[in-house]
Amino acid sequence: MTKQCDTKYFGTYTYEQKEVLFFQNGLFGFEEEKEFLLIQFDKKNENVLCLQSLKDPNIAFFVVDPFAFLPEYRPLPSQKEMDSIGAKGIGDLFFYVICRMTDDIRTSTANLKCPIIINLHNNEAMQVILDDTAYQFRHSFSALVPNEEEEDASC
């Protein structure tokens, strides 16, 4: 069934009910927001998306596929967390992290400590807090973007 919603970045947006992600407990700080859509900013880039609330058009987050920029990322949600969204194992999950984007990618950050997990089979989702101390709430993209001076020196 086709529906429409107002969005922060895309105006009126048309979607299918099967695309809706359901967060039983909302997101941290946004517990009342239960239904969201993942919308690509650029049709050619599936790694950077908008997590748009269906309840409030002003609530939208930049999210990225963390494996696209950090292949060694190893989030391990608890079995209880996976059970709560009906996931049988880690292979049933998509992972996204919320980002704070700035004009300069080097000053942008990603919250690797609290990924969003989505069950591929039923679109149930939740935000979790990982026990792993290696992951930060504000992981800087600067460590992932080559320094221009270093690039020039290697030429």
Query raised in the report: Cα-Cα over 24 Å: which of K44/K80; K8/K43; K18/K55; K43/K80; K34/K80?
Result: K44/K80; K43/K80
Query raised in the report: If each of K44 and T2 carries a label point 7 Å out from its Cα toward its Cβ, how far apart are those two points in nm?
Result: 2.7
Query raised in the report: How big is the antiparallel share of DSSP beta bridges in the chain, given as a percent to the nearest 5?
Result: 95
Report summary line: Note, the stretch 93-101: 3J(HN,Hα) by Karplus (6.51, -1.76, 1.60, θ = phi - 60°), whole Hz, Gly/Pro = x, goes 10, 9, 10, 9, 10, 7, 10, 9, 9
Query raised in the report: Taking only the alpha-carbon atoms of the chain, what semi-axes of the equivalent ellipsoid follow from 5 times the gyration tensor eigenvalues under a square root, in whole Å, largest first?
Result: 27, 21, 13
Report task. Scan the chain and report its longest stretch carrying no trypsin sites (Lys or Arg not before Pro) that are both in a DSSP loop and have at most 16 other Cβ atoms within 10 Å. Result -> 89-137
Report task. In whole Hz, with x marking every Gly and Pro, tabulate ³J(HN,Hα) for the stretch 25-37 from phi via Karplus 6.51 cos²θ - 1.76 cosθ + 1.60, θ = phi - 60°. Result -> 10, x, 9, 4, x, 9, 5, 7, 8, 10, 10, 9, 10
**Report entry** In order through the stretch 73-83: 3J(HN,Hα) via Karplus (6.51 cos²θ - 1.76 cosθ + 1.60), integer Hz, x for Gly, Pro
**Finding:** 4, 10, x, 10, x, 6, 4, 4, 5, 5, 4
Query raised in the report: Which length gain, in nm to one decimal place, applies between Q17 and D104 when the Cα-Cα distance is subtracted from 0.36 nm times their residue separation?
Result: 27.8 nm
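No value in this document is a laboratory result; all are computed from the given coordinates. Predicted model, so just to flag it, every value in this text is computed and none were measured. Using ideal geometry, Cβ is built from the backbone for each residue, glycine included, and neighbour counts are taken over all protein chains shown.
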